Structures are given as C-alpha cells and as structure tokens.
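A short worksheet on the structure shown next.
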Amino acid sequence: MPEPIHIDSRWAQRLRSGEQPDAADVREHLLAVHQRHAGFTEAVARGCRDAAGRNSYEWLAEVIDPSRHRTVLDLACGSGVLAEVCLQRHGDAIELIGVDMSADELALARRRMPNPGVRLHQALAQSMDCIPDAGVDVVLCHWALTLMDPIEPVLAEIRRVLRPQGILAAIIDGDIASSPSYAAVHDVIYSAAQHEYPCYANADLGDARVRTPEPLAALLRQTFPDASVRIEPGLVSLDGAPQTLAQEATGFFYASFVLSPQARARVLAQVATILCADVGSDGRGRFDMPIRRLVAQL
Ligand SMILES: C[S@@+](CC[C@H](N)C(=O)[O-])C[C@H]1O[C@@H](n2cnc3c(N)ncnc32)[C@H](O)[C@@H]1O
C-alpha cells in the first residue's frame, strides 16, 4: 500500500482553526481524498471476507434478482468494484448505471468496465438529473451513504429514480462495540484526529443518523413510509502480517488522511500493537470489521 498523502483541504484547515466546515467544504475534502487516493476503499474492502467467504460487495450484490430486476444503479460507485461484481454475476440480464461525484474514481471504474453499455455519470447523489424518474429497479450503495450530507435529498432522489417495488440496499458501518479490536483501532485513529483537530468529533463526515439502525430506520420511514426495512449485521475480516494489516486497516479510515505524518506514524505503531494481539502461529493477524446491510423493499 503506498504511503498516504496528507490532505490539507479547507475542511481540515477550518477544523484546525476551530471553525465549523460547511457542506461545500465536506465535498471538496472528499474529492481531494479521492483524487489523491482513488480506489482506496476497494484496496481494503475487496479482501475483507465474512465467514461464508463473501466480501461486502458480494453480500450487497445478492439482493439483485435478475428475474425481477433489470436496471441497477451503483450509487457512489467509486472505482466500480460492485458494478463489476454485478456484471460478472448477471451479464446482459441487467443494465448497469454508476454515479459518483469523483472524476478520478470514475476513471478507474471506466478502465475496469470499458463496455460503453455500462453508463457512468459524474453527479452528486443529491441531484441525479442523469437518471429519469422510475428509471431503475435496484439502487445499491456500498459504503458511501454514511458520507452523504445532506442525506434527505439523496433519499428523495433514490425514491424518484426507483420504480414501484424497487429496492434500495446499502453497506453501512456496523456496531463498533461488536468487535473489540475494531473498537480499539477506531479509538486510536479518532483520538489522534481529535488531538490534531479539536472539533473533529463534531464534524465527522456524513449524517450521523445513517450510522445507527434506529435513527436510520426513522429517516427511511420519512421518505419510504411503506417500505419494509431490514438492517442486518455482518462481520468481515482481513488477515495478514500485522505491519501490513495495520497500514491497510488505518488507510481505510478517512480520518487517517488528515493526520500529520508524525501522528500517522504513531497511529500505525499503536494499530500494529492492537492487531499483534491476535497473531496466530503462522505470524498472521486479523482485522475484523463490523458492517451492516440495509435493505429497503418498496
Ligand atoms: C468510501 S468510497 C466508496 C466507493 C465504492 N462504493 C466502493 O465501496 O468501492 C465513497 C464514494 O462516495 C462518493 N461520494 C461521496 N459523497 C457523494 C455524493 N454526495 N454524491 C456522489 N458521490 C459521492 C465518493 O466520491 C467516493 O467514490
């Protein structure tokens, strides 16, 4: 994994000086992270597998039923891994659309899926004019709903583009407390961010309601009052040598991109120590990541 480039966006500068960043600062920050580190999500998420051997892209793609679903939108598709999984499973039986605000991520997605039949659009989830009303059967969103703020216009756009009986499904953060090692890694990284940016806790990316089941279900009821909503827990794990694992685990957190090089080095050492606690006789450690799969059936 390459050394991360420290991102000193206006969002980070505002946080450092104790100011509250606004939505435009958040977007600019996310774009800067994804410009410098395009594909960083897949670099970790593809290798994280659950007890059944599935990664979270595969678990999410299971909601597609090609006998009922034709058009699938990969919302915030990033480098296109989920769309590729869908294509590998269902080929010509489905039509794929990818939307993302980052041109750098979309360039990777296009390289992965040169087929012009896969439509890729650079757009904000809050305003998907590129997709007609009732134009899709399934909206999938892998690890991005938790970044979107404001979230209400995103849900309104999803409702607009979904056909009746459509499905919204997303991978979102899991229950941190369900994995002590994840909780410890999370704590190390966020404490370091909090130390360098005293307002970090109040300005984390996205809408906090999307990260916890009850507020998320309440939010969904506002937009999809008749939908049946399931929020299922999952656990995916990555294994490897502790030092490599520490770099991969740390690099998965957006907070790691705003740490100074010195703070990041300290964090890496602490994360490696946490992950060393689980090292087996083969010298390999494990990083467990709790996740959730949201499925809203209209
Ligand atoms: C953590 S990455 C996940 C990428 C991909 N879904 C994956 O899991 O590999 C988050 C993605 O969401 C995109 N994103 C965040 N906020 C967005 C918004 N409001 N509209 C469109 N894309 C957004 C980012 O550009 C980035 O590609």
| Residues (out of contact with any Phe, Trp or Tyr (no Cβ under 9 Å at 6 or more places or on another chain), more than 20 Å from Ala277 (Cβ to Cβ), part of a helix (DSSP H, G or I) and of a type in the set (Gly, Ala, Ser)) located in the range 169-221 | Ala208, Ala217, Ala218
| request: With the condition kept exactly as written, say whether any residue in the range 73-82 is crowded, with 24+ Cβ neighbours inside 10 Å and farther than 23 Å from Gly206 by Cβ. | output: no
| Any chance Glu152 is farther than 24 Å from Met289 by Cα, at pLDDT 95 or above, buried (at least 18 other Cβ atoms within 10 Å of the Cβ) and within 15 Å of the ligand (Cβ to nearest atom) | no
| remark: Those residues of the range 116-148 which are within 20 Å of Ala217 (Cβ to Cβ) and among the polar types (S, T, N, Q) amount to Thr146
| query | Quick check, is Gly98 within 16 Å of Leu120 (Cβ to Cβ), near the ligand (Cβ under 8 Å from one of its atoms) and not hydroxyl-bearing (Ser, Thr, Tyr)? | reply | no
| Quick one: how many residues across the range 206-226 are buried (at least 18 other Cβ atoms within 10 Å of the Cβ) and among the hydrophobic types (A, V, I, L, M, F, W, C)? | 4
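Can you give me the number of residues within the range 121-137 that are under 12 Å from Val161 (Cβ atoms) and out of contact with any Cys (no Cβ under 9 Å at 6 or more places or on another chain)?
Counting residues in the range 121-137 that are under 12 Å from Val161 (Cβ atoms) and out of contact with any Cys (no Cβ under 9 Å at 6 or more places or on another chain) gives 11.
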| Only one residue in Asp137, Asp173 is within 21 Å of Leu82 (Cα to Cα), touching a residue at least 40 places away in the same chain (Cβ under 8 Å) and surrounded by fewer than 19 Cβ atoms within 10 Å (Cβ to Cβ). Which one? | Asp173
| Name the pairs: first residue in the range 11-36 and under 15 Å from Leu124 (Cα atoms), second residue more than 16 Å from the ligand (Cβ to nearest atom), Cβ to Cβ under 8 Å, at least 6 apart or on different chains? | Asp25/Arg10; Asp25/Arg14; Glu28/Arg10; His29/Arg10; His29/Ala12
| task | Among what's in the range 46-68 and is part of a helix (DSSP H, G or I) and in contact (Cβ under 8 Å) with a residue 60 or more places away in the chain, pick the residue that is nearest to Phe287 (Cα to Cα). | result | Ser56
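The values are calculated or read from the model by the stated rules, or taken from the named source; none is laboratory data. This structure is a prediction, so every number in the text was calculated from the model and none was measured. No Cβ is skipped: glycine too gets one built from the backbone with ideal geometry, and neighbour counts run over all protein chains shown.
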